[in-house]
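The values are calculated or read from the model by the stated rules, or taken from the named source; none is laboratory data. Just so it is clear, the model here is predicted, and its values are computed rather than measured. Cβ atoms come from the backbone with ideal geometry, glycine included; neighbour counts cover every protein chain shown.
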């Protein structure tokens with residue numbers, strides 16, 4: 001298990017239900033580049049970090065959703081109505097890794113400008129869905 005060297009808890013950490021923890025770990029760790037900060041394999045749980053971004057994954061049993069903090073029926077794609085922006089050092093490199101793994105993008109790399117505090121943020125971004133359908137917006141700050 002790989003662990004980050006400068007691990008600090010983020011004040012907001014999404015915990016994502018997943019159907020196949022091994023498939024999700026392959027996507028997040030092997031393809032995207034997150035590392036496992038810690039896990040509880042017997043519970044189907046992993047805590048991941050990438051830079052300052054953190055996410056928790058928990059495998060759920062769709063035949064017994066009452067065993068988990070599930071507020072409604074889980075059908076693919078999970079996380080409808082939300083996307084997670086995750087800052088990375090190199091969006092182009094991530095794009096290459098996703099292509100090599102034959103993972104289809106939701107939206108290809110593009111540059112986007114957003115108004116922020118009387119200024120402007122320019123970022124390069126791409127969007128991809130994880131194995132459970134959560135929409136992830138990976139971005140790289142350009143200014």
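Worth a mention:
- Any hit, segment 102-110, residues being surrounded by 12 or more Cβ atoms within 10 Å (Cβ to Cβ), in contact (Cβ under 8 Å) with a residue 12 or more places away in the chain, under 19 Å from residue 30 (Cα atoms) and in contact with a strand residue (DSSP E or B) (Cβ under 7 Å, 6 or more places away or on another chain): yes
- Checked against the criteria, residue 91 does not count as at pLDDT below 95, surrounded by 18 or more Cβ atoms within 10 Å (Cβ to Cβ) and closer than 18 Å to residue 130 by Cα.
- Which listed residue, of 79, 33, is surrounded by 15 or more Cβ atoms within 10 Å (Cβ to Cβ), modelled with pLDDT under 95 and under 23 Å from residue 139 (Cα atoms): 79
- Flag for residue 44 being surrounded by 12 or more Cβ atoms within 10 Å (Cβ to Cβ), under 23 Å from residue 10 (Cα atoms) and modelled with pLDDT under 95: yes
- Check on residue 21, in contact with a strand residue (DSSP E or B) (Cβ under 9 Å, 6 or more places away or on another chain), surrounded by 13 or more Cβ atoms within 10 Å (Cβ to Cβ) and at pLDDT below 90: no
- If the condition is being outside any loop (DSSP other than H, G, I, E, B) and more than 10 Å from the chain's Cα centre (by Cα), then segment 45-54 contributes 45, 46, 47.
- Subset of segment 113-138 [out of contact with any helix residue (DSSP H, G or I) (no Cβ under 7 Å at 6 or more places or on another chain), over 24 Å from residue 16 (Cβ atoms) and assigned to a strand (DSSP E or B)]: 113, 114, 115, 116, 119, 120, 121, 122
- When 57, 74 are checked against the criterion of being surrounded by 12 or more Cβ atoms within 10 Å (Cβ to Cβ), touching a helix residue (DSSP H, G or I) at 6+ places or on another chain (Cβ under 7 Å) and assigned to a loop (DSSP other than H, G, I, E, B), a single residue qualifies: 74.
- Residue within segment 36-44 that is touching a helix residue (DSSP H, G or I) at 6+ places or on another chain (Cβ under 7 Å) and either farther than 28 Å from residue 142 by Cβ or in a strand (DSSP E or B) (or both) present: yes
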